C-alpha cells in the first residue's frame, strides 16, 4: 500500500488508468498517461483514473501504488512502457560500428534504432600514405531504423566510417520497493529524473 508524501491535483489529457505513470503534456497542470521511456515523467495517477478533461490526483513524491508492465525486482529503477505501466530501466548505452563509406546519401548501420542519437561520424581514409581522419558528424543524421544519412554531403567512397551513437535519454519515475510481475500492483518510490547515456 502506498504512502504518498505529495499529491497534486491535475487535469487529464486523455483517459488515464489508475496506478499508471503520467507525463507532462506541454500544458501547465495537464498530464497524460505516459507512453514511452522518453516522455517527461512527472508522477503516478492515484486510485481513481480520470477520463479526458477530468481532474485527478497525481502522486509526485513518496510511495505510490503502480501497475507493473513486466518483471520488476525490488530496487530496479522504473520507467514507463507504452501503456503507462512501470517497467525496469535498461540503461542507455553508447554504441559504435565501422561501415564502408559510399556516395552521399543513406548508409546502413544495422543496430541503429530510429530513436537513437548520433554522437559522431568519422571518415578514415587509409588508401595511401597520407592517412587522414575527417569529422563528418555535422553532415549526418539518424534517418530511421538501421540507417544514417548525409544527403548532399561528402562522398565517402573508399573510406571507413566510424559511427558512434547512443540510445535516447531515459526518463525514470523512481525505484521499485517490491518485486512483481506484469499487471500486478507494485510499489514505487516516486523520484522523477533523467538517466543520460
### Message
Rounded to the nearest 5, what % of DSSP beta bridges with both residues in the chain are antiparallel?
### Response
95
### Query
How many percent of the alpha carbon pairs in the range 94-166 exceed a separation of 17 Å?
34
### Message
So, R0 is 41 Å and r is the distance between the beta-carbons of residue 179 and residue 11; what FRET efficiency does that work out to, to 0.05?
### Response
0.75
### Query
Which entry in [x] 69, 34, 23; [y] 76, 37, 23; [z] 89, 34, 27 is this structure's computed Cα extents along the principal axes in Å?
[x]
### Summary
Among 61, 129, 108, the residue with the largest mean-square fluctuation in a Gaussian network model of the chain built from Cα contacts under 10 Å is 129
### Task
Considering Cα pairs under 8 angstrom that are at least six residues apart, work out the relative contact order of the range 76-151 and quote it in whole percent.
29
### Residues residue 95 and residue 128, FRET efficiency given R0 of 25 Å [Cβ-Cβ distance, rounded to 0.05]
0.25
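Which length gain, in nm to one decimal place, applies between residue 61 and residue 3 when the Cα-Cα distance is subtracted from 0.36 nm times their residue separation?
Roughly 20.0 nm would be gained on extension.
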### Query
Rounded to the nearest 0.05, what FRET efficiency is calculated for residue 40 and residue 154 with R0 set to 45 Å and r the Cβ-Cβ distance?
0.80
### Query
So for the pair residue 110, residue 48, with labels modelled 7 Å out along Cα→Cβ, what separation do we get in nm?
5.4
### Message
With a cut-off of 8 Å between alpha carbons and a minimum separation of six or more residues, what is the relative contact order of the chain in percent?
### Response
25
### Query
In nm, to one decimal, how far is the residue 166 label point from the residue 117 one, both placed 7 Å along Cα→Cβ?
0.6
### Task
Return a whole-number percent for the relative contact order of the range 104-197, with Cα pairs under 8 Å and 6 or more residues apart as the contact set.
30
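Bear in mind these aren't lab numbers, they're just calculated from the coordinates by the rules spelled out. Remember, it's a predicted structure, so these values are computed and weren't measured experimentally. Note: ideal-geometry Cβ built from the backbone for every residue, glycine included; neighbour counts use all protein chains shown.
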